[in-house]
Amino acid sequence: MQITAAALCEMLQGSLEGNADSVVDSVAKIEEGHSRALSFLANPKYEEHIYSTESGIVLVSRDFKPSKAINATLIRVDDPYVAFTQILSEYIAQINNKEGIEEPSFIGENSTVGEGLYLGAFVYIGKNCKIGKNVKIYPNVVIGDNVEIGDNTVIYANVSIYLHCKVGADCIIHSGAVIGSDGFGFAPQPDGTYAKIPQTGNVIIEDNVEIGANTCLDRATMGSTIIRKGVKLDNLIQIAHNVEVGENTVIAGGTAIAGSTRLGKNIVVGGQVGIAGHINIADYTQIGAQSGIIGSIKEPKKAWMGSPVTEFKQHFKSQAVFRNLPELDKKVHDLQKEIEALREALNNKG
Amino acid sequence: MQITAAALCEMLQGSLEGNADSVVDSVAKIEEGHSRALSFLANPKYEEHIYSTESGIVLVSRDFKPSKAINATLIRVDDPYVAFTQILSEYIAQINNKEGIEEPSFIGENSTVGEGLYLGAFVYIGKNCKIGKNVKIYPNVVIGDNVEIGDNTVIYANVSIYLHCKVGADCIIHSGAVIGSDGFGFAPQPDGTYAKIPQTGNVIIEDNVEIGANTCLDRATMGSTIIRKGVKLDNLIQIAHNVEVGENTVIAGGTAIAGSTRLGKNIVVGGQVGIAGHINIADYTQIGAQSGIIGSIKEPKKAWMGSPVTEFKQHFKSQAVFRNLPELDKKVHDLQKEIEALREALNNKG
Amino acid sequence: MQITAAALCEMLQGSLEGNADSVVDSVAKIEEGHSRALSFLANPKYEEHIYSTESGIVLVSRDFKPSKAINATLIRVDDPYVAFTQILSEYIAQINNKEGIEEPSFIGENSTVGEGLYLGAFVYIGKNCKIGKNVKIYPNVVIGDNVEIGDNTVIYANVSIYLHCKVGADCIIHSGAVIGSDGFGFAPQPDGTYAKIPQTGNVIIEDNVEIGANTCLDRATMGSTIIRKGVKLDNLIQIAHNVEVGENTVIAGGTAIAGSTRLGKNIVVGGQVGIAGHINIADYTQIGAQSGIIGSIKEPKKAWMGSPVTEFKQHFKSQAVFRNLPELDKKVHDLQKEIEALREALNNKG
């Protein structure tokens, strides 16, 4: 992408100061700029960088008053960060505007695809699938039979979606993610072996969901594992069978949620958290990284930490004492001696 | 799958009450049923649901005595849960009865395949491989040279199996699993770099093993990393080089086992557990989620928890005190003051 | 690979004792040998095995003096372990000497490849890519547009590399690894939803890096996520956007590093460690398994453990007390009673 300051200014409905013919073809942080880079200044504490930046064009707020000379061409806008993000989104949209069907690829019988489709080479789509409009499916993705994919969804390379699963519109699924693998359900037998409990359900992903790289969502034993609209899952997350993740809940990488647990909406879960099965987590809960949750959290909007979790502040108080446990232990030992000495002294006075 | 109550009844050798022509095409929990769903009632505490269920057919035990009117067609069997699982297994078997070779796919020279094979499009099989009977290999799987796969094994999409590995019969390997990647072995050099230690061994997976999505099993440095028969591994598990997992051991998601460690048989390992290298874990050990094990566990049949682990009950007692550490710390502080006061009082009396 | 004792001896410039025509075709530990296996004896504590080994050929040091009769053919070399590793590396090199382009595969327009290339079937290479000399790309790998791969790099099956990423020379990337997926960046909106922050940067992997199976490296929001030369990453690791990992740093499996954190050089990170975002870790730091790091570590060459970390020895002292917390709690309770008794006794004497 290559664009002039004049064109950028018009796109953003800004006002221009400097060289209208200045051309940029990439973006950079203001302190890491170069002559063909676009940057922005939003936070006043970075103001010093604008006087030394090598970026060709910088987005600034309409009321920004420079205190020194500036080399870069300026474009004044209402909100420089929002405007910058708008440019980035436009750039990403251009990169992802692939269209057409690359060969060889495989589409099973009775499957339908919408207009604007990109189908990378070596993509496999099973039978009876419904693929919406403007869907982008990158190379080597495998989609099983009877799967539905909503409009505008992007599925990156090497994703696997098992049969009968449903993915909503405007979703993004990153490489290596696995949607619909069997839930981990086995019945112990008298001889010590385990009999597989058939996993006949599916996974339903609603609209506007993003699924990170190599994240796994198991299909339900019966019914559905459900990821509600607006959920954002980072990389390498494990979601077990029959879990439900409420809308707009965000989960960081490495977290694992055991079977049949229900997370409410707008929850924030840190990285590497473990959540036991068959429990409920209230809306707006916040859970610190590496925590372990073994029982339901019923009161919403509270922050938790630890394994097993306690309330956030309580956990850090306990942690502070934990770090000094050897000293505490010694204090108790000393107290025992002192009391012994006192008792003797008291007896001697007797 | 679409089946009548009469046909189901015959298959299960049950006795029928209600409409023999009732048809079902799916399964559901009794409380989530609909007119074309099959459900079951096994646990008496769910009995109330059978009077209101919308499921078309319900499996019940032979001695079940309804206390109210029931709309659903009933099929009486010896064990409703076992019968229901039998139906589910039949359903899954029908879904997985794919057969034939889809094109394009790649089979290297001197490789042999058994009858009943399903080979999805874009599957790659290297040279000198031996693929057993009724093996189902889903699209985009890659199998390296000299690999053996036993009868009836199912390998889902995007699995990677490196050269020389052996997979037994009746195994299931889920999407994204990696079998036989190099063990993580490096020799530190005087200049601070690391020299790779060649990983020339393989992975051997015995019969009746299930491997979860995106789980990784590294090949041995020399010899074999071994997964014994009946082992069940959940998703996103890391098994390092030269590890041996004993038969019927079950490991939950996110667990990592370091090199050369041996797990005995019928062990149960919770999620996100870490197990150090070069240790042994006794048969029938149980390990709680998020535990860390840094030394061998020699006594079988005990339960452990914590990082590092202590015995289960001991860990929870310590955890209970941990949650109240700030109070304990304050008590000790108060005791110090009280003793000081006592000492002074004693001196004053002197 | 099949080789005679005479040929091996010449390759290693050793001296031979025994049957020069002895043939081996595999390697084994000295205690697990068989007639066609090559073994070595480096550590004197394993000497006993050389008198009973079934290995056909054993590498020993030039000054080794047997105390009993030995059946195996011996090759005396300066350093048996180094010589053995040399043989293994040669063996691995022979296995990986695949060359040529298997069909079908896909190479986008304007992409160039060097001599000695192996391109497995179903490999996808996008537009404008530069692939160096002697690069080995296994089946079903997907490489996005504008990617560069340096000489001699090996990329195993089912790896995904997103557009604009750069991989250095002499790297190894294991199956299922994802390079360049979007960073996990979202801006919370007033209505509780999250707006995606476009991730326009890339991932740069320098020379001599090894990336484990199913490990994920997110692209930078702007700029680059950087893996410096000589870094070794184990399986199932999460590296977030804009992270930098310094040269020769080694990270064990299951570890997750949050965004914009910088690790120095020659650091050793254990398995399942979590490192918070926007912090710095000093050179030569060592971090124990399952640790959690929430603040910068400024002093180099120290060892840390715990969640949150404290210095290694301090952590184990605290852990020792933790295991006895119930006893400590009881001691404090007893002390309270004893002081009460002393106070009463003192009052009575008053």
>> I'd like to know if segment A:182-202 contains one or more residues that are within 8 Å of another protein chain (Cβ to nearest Cβ), at pLDDT 95 or above, within 16 Å of the chain's Cα centre (by Cα) and closer than 27 Å to C:Gln272 by Cα.
In response: no
>> Among (1) in contact with a helix residue (DSSP H, G or I) (Cβ under 8 Å, 6 or more places away or on another chain); (2) open to solvent by less than 30 Å² (accessible area, probe 1.4 Å); (3) not aliphatic (A, V, I, L, M), there is one condition B:Pro66 misses while meeting the rest; what is its number?
In response: (2)
> Which one is most open to solvent (accessible area, probe 1.4 Å), of the residues in segment A:303-336 that are away from chain C (no Cβ under 11 Å) and of a type in the set (Lys, Arg)?
Replying inline: A:Lys313
> What do you reckon, is A:Ala289 part of a loop (DSSP other than H, G, I, E, B), under 16 Å from B:Asn235 (Cα atoms) and hydrophobic (A, V, I, L, M, F, W, C)?
Replying inline: no
>> Take the conditions without any contact (Cβ under 8 Å) to a residue 12 or more places away in the chain and open to solvent by less than 50 Å² (accessible area, probe 1.4 Å) and apply them to C:Ala276. Does it pass?
In response: no
> Which ones in segment A:91-106 are open to solvent by 60 Å² or more (accessible area, probe 1.4 Å) and within 13 Å of chain B (Cβ to nearest Cβ)?
Replying inline: A:Glu103
> When you go through (1) away from chain C (no Cβ under 13 Å); (2) within 30 Å of B:Ala345 (Cβ to Cβ) one by one for A:Leu342, which number turns out not to apply?
Replying inline: (1)
> Within segment C:287-302, can you find the residues that are open to solvent by 50 Å² or more (accessible area, probe 1.4 Å) and of a type in the set (Ser, Thr, Tyr)?
Replying inline: C:Ser296
> Looking at (1) in contact (Cβ under 8 Å) with a residue 40 or more places away in the chain; (2) open to solvent by 20 Å² or more (accessible area, probe 1.4 Å), which is the one condition that is false for A:Glu109?
Replying inline: (1)
> Hey, does segment C:252-275 have a residue that's more than 10 Å from chain A (Cβ to nearest Cβ) and in contact with a Leu (Cβ under 8 Å, 6 or more places away or on another chain)?
Replying inline: yes
>> Testing B:Phe40 on (1) touching a residue at least 60 places away in the same chain (Cβ under 8 Å); (2) under 28 Å from A:Phe186 (Cα atoms), one condition comes back false. Which one is that?
In response: (1)
>> Name the single residue that is most open to solvent (accessible area, probe 1.4 Å) among those in segment B:127-142 being under 26 Å from the mean Cα position of the chain (by Cα) and more than 10 Å from every other protein chain (Cβ to nearest Cβ).
In response: B:Lys133
> How do the pairs read when you match residues in segment B:75-87 that are farther than 13 Å from B:Asn43 by Cα with residues anywhere that are open to solvent by less than 30 Å² (accessible area, probe 1.4 Å) and part of a loop (DSSP other than H, G, I, E, B), using Cβ under 8 Å and keeping only pairs 6 or more apart or on different chains?
Replying inline: B:Ile75/B:Gly14; B:Arg76/B:Gly14; B:Arg76/B:Phe64; B:Val77/B:Gly14; B:Ala83/B:Gly14; B:Thr85/A:Pro198
>> Every residue in segment C:156-181 that is within 8 Å of chain A (Cβ to nearest Cβ), over 20 Å from the mean Cα position of the chain (by Cα) and open to solvent by less than 20 Å² (accessible area, probe 1.4 Å), please.
In response: C:Tyr162, C:Ser181
> Between residues in segment C:297-318 that are outside any loop (DSSP other than H, G, I, E, B) and residues that are among the charged types (D, E, K, R), which pairs lie under 6 Å by C-beta distance while being six or more apart or on different chains?
Replying inline: C:Thr310/A:Arg323
>> within 13 Å of chain A (Cβ to nearest Cβ), in contact (Cβ under 8 Å) with a residue 24 or more places away in the chain, among the polar types (S, T, N, Q) and crowded, with 24+ Cβ neighbours inside 10 Å: is that true of C:Thr221 in this structure?
In response: no
> From the residues in segment B:1-55 that are in contact with a Phe, Trp or Tyr (Cβ under 8 Å, 6 or more places away or on another chain) and open to solvent by 50 Å² or more (accessible area, probe 1.4 Å), which one is nearest to B:Tyr81 (Cα to Cα)?
Replying inline: B:Ala42
> Do you know which of the residues in segment C:115-126 that are touching a strand residue (DSSP E or B) at 6+ places or on another chain (Cβ under 9 Å) and more than 18 Å from C:His174 (Cα to Cα) is farthest from the other protein chains (Cβ to nearest Cβ)?
Replying inline: C:Gly116
>> Let me spell it out: the conditions are (1) at pLDDT below 95; (2) polar (S, T, N, Q); (3) touching a helix residue (DSSP H, G or I) at 6+ places or on another chain (Cβ under 9 Å), and A:Thr73 meets all of them except one. Which number is the exception?
In response: (1)
>> Checking C:Thr85 against (1) in the same structural domain as C:Glu31 (by TED's automatic domain parsing); (2) over 20 Å from the mean Cα position of the chain (by Cα): exactly one of these is not met. Which one?
In response: (2)
> Do we find a residue being under 18 Å from A:Gly201 (Cβ atoms), open to solvent by less than 60 Å² (accessible area, probe 1.4 Å) and aliphatic (A, V, I, L, M) anywhere in segment B:78-87?
Replying inline: yes
>> Scan segment C:279-286 and tell me whether some residue there is open to solvent by less than 30 Å² (accessible area, probe 1.4 Å), under 26 Å from B:Gly185 (Cα atoms) and touching a residue at least 60 places away in the same chain (Cβ under 8 Å).
In response: no
>> Being of a type in the set (D, E, K, R), closer than 25 Å to A:Gly254 by Cβ and not in a helix (DSSP H, G or I) is the requirement here; does C:Lys265 meet it?
In response: yes
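The values are calculated or read from the model by the stated rules, or taken from the named source; none is laboratory data. The shown structure was predicted, so the numbers you read here are calculated from the model rather than taken from an experiment. Positions of Cβ are backbone-derived with ideal geometry, glycine not excepted, and every protein chain shown enters the neighbour counts. For accessibility, only protein heavy atoms count, side chains too; no ligands or nucleic acids. Shrake-Rupley method; radii C 1.70, N 1.55, O 1.52, S 1.80 Å.
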